[in-house]
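The values are calculated or read from the model by the stated rules, or taken from the named source; none is laboratory data. Quick caveat: nothing in here was measured; it's all calculated off a predicted structure. Cβ placement follows ideal geometry from the backbone for every residue including glycine, while neighbour counts extend to all protein chains displayed. We work out accessible area using only protein heavy atoms, side chains counted, and drop any ligands, DNA or RNA first. Shrake-Rupley method; radii C 1.70, N 1.55, O 1.52, S 1.80 Å.
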Amino acid sequence: MKKLIERALKMRGLARAPYSNYSVGAAVITEAGIIIGGCNVENASYGLSICAERSTLFTAIAENHKKFKAMAVATENGGTPCGACRQVIWELCGDIPIITIDAEGKEQQFSSKELLPGAFGAEKLP
Ligand code: THU
């Protein structure tokens, strides 16, 4: 867990957030123990920006990882994943621990299930 959190903190330093000035770093650890990181990347056309959590998971999928054990998210103030990211985390990771860490090193742990109660999933599709 320490390495996962360290990676999320490092990724925060790579964020591109010139519009919001809210840098976010994230990291996931696979079942095999491989850690993949991501950060938010903003665009002048704001809606094209991507959150750290989704950039992390999309990178992991593109690198052929399929099973994830935990995610860490580093922000200034301990922010939790946004609604869109919660949906993506749920679908790609299932119920995993999500650890947030703020700039002062304060950690909090949640589960992806508690962050998205009553989740919509592929099983609801015809
Ligand atoms: N952001 C994330 O990267 N993750 C979240 O879960 C919340 C929001 C980013 C998006 C945008 O670049 C900035 O933080 C402000 O919303």
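If each DSSP helix of 4+ residues adds -39,500 (n - 2.57) and the sum is divided by the residues in the chain, what number results at 222 nm, nearest 500 deg cm²/dmol? It would help to have the intermediate numbers written out before the result.
Numbers: 4 runs with 37 residues, N = 126.
Computed mean residue ellipticity for the chain: -8500 deg cm²/dmol.
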Electrostatic dipole magnitude of the chain [Cβ: Lys, Arg +1; Asp, Glu -1; Cα centre; debye, to 20]: 220
If amide H atoms are modeled at 1.01 Å from N in the peptide plane, then the residues at a separation of 5 or more from Asn40, or on another chain, having amide H under 5 Å from its own are Arg16, Val24, Ala52
Could you work out the local net charge near Ala27, counting Lys and Arg as +1, Asp and Glu as -1, over the other residues with Cβ closer than 11 Å to its Cβ? +2
Karplus 3J(HN,Hα) series, Hz, for region 20-31 with 6.51 cos²θ - 1.76 cosθ + 1.60 (x for Gly, Pro): 8, 6, 10, 7, 10, x, 9, 8, 10, 10, 7, 4
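When the chain is fully extended, how far beyond the present Cα-Cα distance does Glu6 get from Ala103, taking 0.36 nm per residue of separation?
33.7 nm
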Surface share of carbon and sulfur [accessible, 1.4 angstrom probe, percent] for the chain: 54
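Loop-only chymotrypsin sites (Phe, Trp or Tyr not before Pro) in region 1-105, please: DSSP not H, G, I, E or B, and at most 11 other Cβ atoms within 10 Å. Don't skip to the answer; put the middle values down first.
Values: sites: Tyr19, Tyr22, Tyr46, Phe58, Phe68, Trp90; in loops: Tyr19, Tyr22.
Here the chymotrypsin sites (Phe, Trp or Tyr not before Pro) that fit, given the DSSP loop and packing criteria, are Tyr19.
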So how far apart, in nm, are the two label points at Thr59 and Ala17 if each is 7 Å from Cα heading toward Cβ? 1.5
If you look for lysine pairs in the chain that are eight or more places apart or on different chains, how many of them have Cα atoms under 24 Å apart? 22
Could you tally the net charge around Pro81, taking each other residue with its Cβ under 11 Å from the Cβ of Pro81, Lys/Arg +1 and Asp/Glu -1? +1
Quick check for you: with a 1.4 Å probe and neighbouring chains kept, what is the accessible area per residue of region 6-126, in Å²? 54
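As an exercise, identify the GluC sites (Glu not before Pro) in region 1-93 lying in DSSP coil whose Cβ has no more than 14 other Cβ atoms within 10 Å. Display every interim value, and only then the final one.
Numbers: sites: Glu6, Glu31, Glu42, Glu53, Glu63, Glu76, Glu91; in loops: Glu31, Glu42, Glu63, Glu76.
Here the GluC sites (Glu not before Pro) that fit, given the DSSP loop and packing criteria, are Glu31, Glu63, Glu76.
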